[in-house]
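Since the structure comes first, as structure tokens, the remarks are kept for the end.
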Amino acid sequence: MRIAAVIAAVAALLTACGQEQGIAPQRMADAVFAVIEADRASYTQKVVNRLQNEDKVIKADEHWQDSQALPLPAQMLRMGAERVAEQDAGFNYALLSLWAINKQNKPRTDLEKQGLQYVMDNPGKNFYGRETLGDTEYFTAVYPDVAVSPACVGCHNEHIDSPRTDFKLGDTMGGVVIRIPL
């Protein structure tokens, strides 16, 4: 997926602009999220939902490599996030949820928990805050991750390890957390 390259380019551009024009961390986070959300929704709707649910050609599976299947949308996002981290792009991001199927996608900090609860309680709104991790202060943004296709709802509602099984299309299922060091 091209998300890692696009995000790294956006980050480099916004960082360069920020040094000369004083771009706000929120503006950078919003721009990065726009790319993540567009790629995530496109992959989910145009690839996974179409090939798995509509055309029934290939399924998406968490064990995609072993079962010769498509990676789940959450796995695609994680792969992109890991590539961005390898490039030292000056920010990081993750997909987290209060009802994570994979335990590594649970919130770890108080601000992540607060942000995820906020986007659940305030549909369509984003959460912004600051937190210090180690010796570094971060601008942290949390954006709603919405069920955009039947593939999202079906996977989460039917998964044996899912702590919540009543999602509907359009529900906020978690959040994309973006951190930018200040």
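The values are calculated or read from the model by the stated rules, or taken from the named source; none is laboratory data. Just so you know, these numbers come straight off a predicted model, no measurement behind them. Backbone-built Cβ (ideal geometry, glycine too); neighbour counts: all protein chains shown.
Quick one: in the stretch 58-69, of everything that is touching a helix residue (DSSP H, G or I) at 6+ places or on another chain (Cβ under 6 Å) and either of a type outside the set (Lys, Arg) or at positive phi (or both), which residue is surrounded by the fewest Cβ atoms within 10 Å (Cβ to Cβ)? Ranking the candidates gives Ile58 first. Among the conditions (1) surrounded by fewer than 19 Cβ atoms within 10 Å (Cβ to Cβ); (2) out of contact with any Phe, Trp or Tyr (no Cβ under 7 Å at 6 or more places or on another chain); (3) modelled with pLDDT under 90, Pro123 misses just one, which is (3). Of all residues in the stretch 70-118, those that are surrounded by 17 or more Cβ atoms within 10 Å (Cβ to Cβ), out of contact with any helix residue (DSSP H, G or I) (no Cβ under 8 Å at 6 or more places or on another chain) and modelled with pLDDT under 90 total 1.
Listed by first and then second residue, the pairs linking a residue in the stretch 98-120 that is aliphatic (A, V, I, L, M) to a residue that is in a helix (DSSP H, G or I), with Cβ atoms under 8 Å apart and 6 or more places separating them unless they lie on different chains, are Leu98/Lys113; Leu98/Leu116; Leu98/Gln117; Leu98/Met120; Ile101/His156.
Would you point out the residue of the stretch 156-179, among those that are at pLDDT below 95 and under 16 Å from Leu95 (Cα atoms), that is surrounded by the fewest Cβ atoms within 10 Å (Cβ to Cβ)?
Restricting attention to the stretch 156-179, the residues satisfying the condition of being at pLDDT below 95 are 156-174.
In the following step, the residues that additionally are under 16 Å from Leu95 (Cα atoms) were identified as 156, 162, 171-174.
Values: His156: 22, Ser162: 15, Asp171: 17, Thr172: 21, Met173: 21, Gly174: 26.
Per the stated criteria, the residue is Ser162.
In the set (1) over 23 Å from Asn126 (Cβ atoms); (2) assigned to a helix (DSSP H, G or I); (3) at pLDDT below 90; (4) of a type outside the set (Val, Ile, Thr), Gln45 fails one condition alone, (1).
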